[in-house]
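A.B. asks: Below is one structure. I have some questions about it.
The values are calculated or read from the model by the stated rules, or taken from the named source; none is laboratory data. None of these values were measured; they are calculated from a predicted model. Here the Cβ is made from the backbone with ideal geometry for all residues, glycine too, and neighbour counts use every protein chain on show.
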Amino acid sequence: MAKLKIKGKDIRKIGFPSNKIIGMAIDAIHRHFKHEKKENVLTLFQKLKERPEDFLEHEALGNIAQLLIPVEEKKTFEIAIADEPMDFNIFGREHIDDSAILQMKNAMRLPVTEAGALMPDAHHGYGLPIGGVLATRDAIIPYAVGVDIGCRMALSIYDIPESYLKQHNYKLKTVLTDWTCFGMGKDLGVTQDHDVLDRKEFDEIPFLKNLQSKAQRQLGSSGSGNHFVNFGIVEMKFDNKLDIPEGKYLAILSHSGSRGLGATIANHYTKLAQEKCPLPREVKHLAWLDLNTEEGQEYWLAMNLAGDYASACHDRIHINLAKALGIKPIAKVENHHNFAWKEIHNGEELMVHRKGATPAGKNVLGIIPGSMTAPGFIVSGKGEPASLNSASHGAGRQLSRTKAKQSITNSALKKMLKSEGIELIGGGLDEAPIAYKDIHQVMKSQKQLVNVEGTFFPKIVRMDRAK
C-alpha cells in the first residue's frame, strides 16, 4: 500500500488553530494511521476538530483533543482539596503502576470522598484509575463512572457437551459473524426491540429525547477495543453456587457496554459537573454533581438508564445467537462495572463508584475475564469491607494499545492463537494477550475478595476488526 501523504496544509484547512497542534496531528497520523486511506483520516480529524470532547479517551488523539477544547475564562475560585490523601487499601500492589496509584491518591483528597480501594487489575485512566473504587457522600462523579456506562460481562451456559464446538465449528463462526456487530457508530442493521426503549426517562429528561432513536438502532451491538463475544467451554466446580452439576458445558461470554447512549450521557454530564464544580488541575476530571440537585438526580437517572440499556444489548446478543443455533441456556451470570451504586457501608449510605471494578458483595456472582487466550473465572463475592465489596473486572492492561502493537507481529499473534487453540474473528494487535496482566496472578491477589465457582475457556473469539 502506498504511503499515506498528508501535510500540514491539509490539517490547517480543517481549521486546526496552531502550528503546535498541526504538528501533533501529523505525528499522530504517521504513528497510528499511516495505513489508512487519506479521505478516512481527514474525515476522522474533521470530527476531532468539531467534537474534541468525544476523543478525550482516544489513545492516539486524546492529547490533541484536550488542546482543541476551548479554554474557559479562569474561574474566580476553585474547590479546595486536602493536602494529603485519606488511606485506602491496595490489592496486588506489585501489579499496579505508580501513575494509577497517584490517581487514586488524588481521588482520596476530594472533600466528598469517604473511602476507596484499588483492585489488582488497576491501571492509569482518566480521573479515577481503571480498577479504582471510590465511595463519596451525597455526590456522584461522572468520570469516576466512566464513558462506557454500565459496561458489563454476560455469560450464558448451555447443557451441551464440549464436542459441540468441533462438530458445529463453521455454524458457530457463521452466527457470530451474522449476529454480532462491533465498532463506534456501528449497528446490526436489523430492527430490534426491548422494554428499556420504552423507559419514561427518554420522555422526562429533555437531554435524552434525541438519543432514543440511536439507542434503538445500536441495540444488540458492541463497541470496539476490548469488547468481545466468545463461544467457549465452562468448567463448573463441584457444589458451585449456580447449582450446576460439576462438568464441562458450552457457553457464550460477552463484554460490552452502553454504546453511543452511554458515551453521550457521560460527556454531557462531565462537562456540566466541571462547570458546577471547578477543581484543581490534577483532579479536574473528578468534578462531581450534588445528588441533592436537579443535575445530580438527572445524571443518576440517566446513568441507570444507560446501565440497563447495556444489559439489554447483552440480552439481544445472547437471544439472537441462541435462537440462530436453536439452543436455550440453563444458567446466566451477569455483572457490570463503570457504574455507581448506593450502598450502606459502616452504617451509612454512600455512593460507591466502580470504574473497571466488579461488585463482590457476599455471594454476589460475577465473571472476571482474562484475555483472548487466557481463561475467565465465574466468581462469588466474599463481601470484603476492605475492598468496599469489590474485585477486579479483568486481568487489566499492562501495555498501552500503542505499545502492544509495537511489541508483537500479526504472524506471532497467529502462532500464539493456534498454540492455544483459539479462533479469532476480527481483533487486532492492540488486544494481543501480551497487552494484559497474568490473570492467574491477579486472581491470586484477590483470594480475599472472591471464590472461584467455575472457569471459562475461550475458543471462538469475535472482536472489532483489526485497525
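A.B. asks: I'd like the residue in segment 1-36 that is among the small types (Gly, Ala, Ser), in a loop (DSSP other than H, G, I, E, B) and out of contact with any helix residue (DSSP H, G or I) (no Cβ under 6 Å at 6 or more places or on another chain) and, out of all such residues, is farthest from Thr402 (Cα to Cα).
C.D. replies: Applying the filter and picking the extreme gives Ser18.
A.B. asks: Could you list, in sequence order, all residues of segment 111-140 that are under 14 Å from Val352 (Cβ atoms), outside any strand (DSSP E or B) and either of a type in the set (Gly, Ala, Ser) or touching a helix residue (DSSP H, G or I) at 6+ places or on another chain (Cβ under 8 Å) (or both)?
C.D. replies: Leu128
A.B. asks: If I filter segment 44-53 for residues that are over 25 Å from the mean Cα position of the chain (by Cα), modelled with pLDDT of 85 or more, closer than 30 Å to His268 by Cβ and not small (Gly, Ala, Ser), do I get at least one hit?
C.D. replies: Yes: segment 44-53 contains one or more residues that are over 25 Å from the mean Cα position of the chain (by Cα), modelled with pLDDT of 85 or more, closer than 30 Å to His268 by Cβ and not small (Gly, Ala, Ser).
A.B. asks: Only one residue in Lys166, Lys186, Lys171 is of a type outside the set (Ser, Thr, Tyr), in contact (Cβ under 8 Å) with a residue 12 or more places away in the chain and part of a helix (DSSP H, G or I). Which one?
C.D. replies: Lys171
A.B. asks: Could you say whether any residue in segment 147-156 is among the polar types (S, T, N, Q) and either touching a His at 6+ places or on another chain (Cβ under 8 Å) or not assigned by TED's automatic domain parsing to the domain that holds Phe377 (or both)? If you could, list the steps in order and put the result at the bottom.
C.D. replies: First, the residues of segment 147-156 that are among the polar types (S, T, N, Q): 156.
From what is left, the residues that are either touching a His at 6+ places or on another chain (Cβ under 8 Å) or not assigned by TED's automatic domain parsing to the domain that holds Phe377 (or both) are 156.
Yes: one or more hits.
A.B. asks: Going residue by residue through segment 309-330, is there one that turns out to be more than 26 Å from Leu176 (Cβ to Cβ), crowded, with 21+ Cβ neighbours inside 10 Å and either out of contact with any Asp or Glu (no Cβ under 9 Å at 6 or more places or on another chain) or acidic (Asp, Glu) (or both)?
C.D. replies: no
A.B. asks: Could you list, in sequence order, all residues of segment 189-198 that are free of Cβ contacts under 8 Å to residues at least 60 places away in the same chain and assigned to a loop (DSSP other than H, G, I, E, B)?
C.D. replies: Result: Gly189, Val190, Thr191, Asp193.
A.B. asks: Okay, next question. So Gly127 ticks every box in (1) buried (at least 21 other Cβ atoms within 10 Å of the Cβ); (2) modelled with pLDDT of 95 or more but one. Which box is left unticked?
C.D. replies: Unmet for Gly127, out of (1) buried (at least 21 other Cβ atoms within 10 Å of the Cβ); (2) modelled with pLDDT of 95 or more: (2).
So that you can scan it fast, the table gives a plain yes or no per residue for (1) closer than 30 Å to Ile378 by Cβ; (2) part of a helix (DSSP H, G or I); (3) of a type in the set (Gly, Ala, Ser):
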| position | (1), (2), (3) |
| --- | --- |
| Asp203 | no, yes, no |
| Ser213 | no, yes, yes |
| Asn230 | yes, no, no |
| Phe238 | yes, no, no |
| Ile244 | yes, no, no |
| His255 | yes, no, no |
| Leu272 | no, yes, no |
| Pro278 | no, no, no |
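A.B. asks: Could you please find all residues in segment 395-409 being more than 12 Å from Met372 (Cα to Cα) and either in contact (Cβ under 8 Å) with a residue 40 or more places away in the chain or assigned to a loop (DSSP other than H, G, I, E, B) (or both)?
C.D. replies: Within segment 395-409, the subset more than 12 Å from Met372 (Cα to Cα) is 396-409.
Hits for segment 395-409 are Gly396, Arg397, Gln398, Leu399, Ser400, Arg401, Thr402, Ile408, Thr409.
A.B. asks: Among the basic types (Lys, Arg) and at positive phi, is that true of Arg259?
C.D. replies: Working: among the basic types (Lys, Arg): yes; at positive phi: yes.
Against the criterion (among the basic types (Lys, Arg) and at positive phi), Arg259 qualifies.
A.B. asks: Let me ask something else. Taking the conditions exactly as written (touching a residue at least 24 places away in the same chain (Cβ under 8 Å), within 30 Å of Gly381 (Cα to Cα), out of contact with any helix residue (DSSP H, G or I) (no Cβ under 7 Å at 6 or more places or on another chain) and crowded, with 18+ Cβ neighbours inside 10 Å), does Asn226 satisfy them or not?
C.D. replies: It is false that Asn226 is touching a residue at least 24 places away in the same chain (Cβ under 8 Å), within 30 Å of Gly381 (Cα to Cα), out of contact with any helix residue (DSSP H, G or I) (no Cβ under 7 Å at 6 or more places or on another chain) and crowded, with 18+ Cβ neighbours inside 10 Å.
A.B. asks: Out of the residues in segment 152-191 meeting the condition of being among the basic types (Lys, Arg) and under 25 Å from the mean Cα position of the chain (by Cα), tell me which one is surrounded by the fewest Cβ atoms within 10 Å (Cβ to Cβ).
C.D. replies: Lys173
A.B. asks: If Ser380 satisfies all but one of (1) more than 16 Å from His123 (Cβ to Cβ); (2) among the small types (Gly, Ala, Ser); (3) part of a loop (DSSP other than H, G, I, E, B), what's the number of the condition it fails?
C.D. replies: Status for Ser380: all satisfied but (3).
A.B. asks: Which one of the conditions (1) in a helix (DSSP H, G or I); (2) farther than 16 Å from Phe377 by Cβ; (3) not hydroxyl-bearing (Ser, Thr, Tyr) does Val442 fail to meet, given that it meets all the rest?
C.D. replies: The single condition Val442 does not satisfy is (2).
A.B. asks: What about Ala115, is it more than 18 Å from Pro385 (Cα to Cα), at pLDDT 90 or above and not assigned by TED's automatic domain parsing to the domain that holds Val442?
C.D. replies: Values: more than 18 Å from Pro385 (Cα to Cα): no; at pLDDT 90 or above: yes; not assigned by TED's automatic domain parsing to the domain that holds Val442: yes.
Judged against the criteria, Ala115 is not a match.
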